[in-house]
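S.K.: What follows is a single structure, and I will ask about it in a moment.
The values are calculated or read from the model by the stated rules, or taken from the named source; none is laboratory data. The structure displayed is predicted, hence computed values, not measured ones. Glycine gets a Cβ as well: all are built from the backbone with ideal geometry, and neighbour counts include every protein chain shown. These accessible areas exclude ligands, DNA and RNA; they are computed on the full protein's heavy atoms, side chains included. Shrake-Rupley method; radii C 1.70, N 1.55, O 1.52, S 1.80 Å.
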Amino acid sequence: MAITPRGLRLLVAGFIVMVAGYILMTGGGSDDPAVFNEAMFDFRRLVAAPIVILCGIVIEVAAIMDKGNKKDKTGEE
């Protein structure tokens, strides 16, 4: 197969981490459009959520680039 079970688990984990980052980014809006809400500029939305999303992307790249422990016909790794 092109992807190993370990790689598949890493892909799913990276996807879950990225979804968690997008969930962290939600909210902060105001119910009344005439009132400005400062909550949209807090640490969680501007710093923590993008870092979590980038970590998820790094996990995805690691999952794609992972070779696994496949042995060729000569028995070498």
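S.K.: Determine the share of the chain's accessible area contributed by carbon and sulfur atoms, expressed in whole percent, with a 1.4 angstrom probe. Walk me through the intermediate numbers first.
M.R.: Details: 4170 of 6070 Å².
C and S fraction of accessible area: 69 percent.
S.K.: Tally Lys and Arg at +1 and Asp and Glu at -1 over the other residues with C-beta under 15 Å from the C-beta of Met25: what net charge comes out? Working shown, then result.
M.R.: Working: positive: Arg44, Arg45; negative: Asp42.
With Lys, Arg at +1 and Asp, Glu at -1, the neighbours total +1.
S.K.: What is the spin-label model distance, in nm, from Ala39 to Val61 if the labels are put 7 Å beyond Cα along the C-beta direction?
M.R.: The modelled label-to-label distance comes out at 3.5 nm.
S.K.: Can you run phi through the Karplus equation (6.51, -1.76, 1.60; θ = phi - 60°) for the range 37-54 and list ³J(HN,Hα) in whole Hz, with x for Gly and Pro?
M.R.: 3J(HN,Hα) across the range 37-54, in whole Hz: 10, 6, 5, 6, 10, 8, 4, 4, 7, 8, 10, 5, 4, x, 5, 5, 5, 5.
S.K.: Could you work out the relative contact order of the chain, using alpha carbon pairs under 8 angstrom and six or more residues apart, expressed as a whole percent?
M.R.: On the way: 73 pairs, mean separation 33.8, N = 77.
Reported relative contact order: 44 percent.
S.K.: Order of 27-36, 10-19 by packing, highest average Cβ count within 10 Å first? Numbers along the way, then the final one.
M.R.: Working: 27-36: 8.8, 10-19: 16.0.
Order by mean packing, descending: 10-19, 27-36.
S.K.: Using the 2.2 N^0.38 Å rule of thumb for compact globular proteins, work out how the chain stacks up: its C-alpha Rg over that value, please.
M.R.: On the way: Rg = 19.5 Å, N = 77, 2.2 N^0.38 = 11.5 Å.
Against the compact-globule rule of thumb, the ratio is 1.70.
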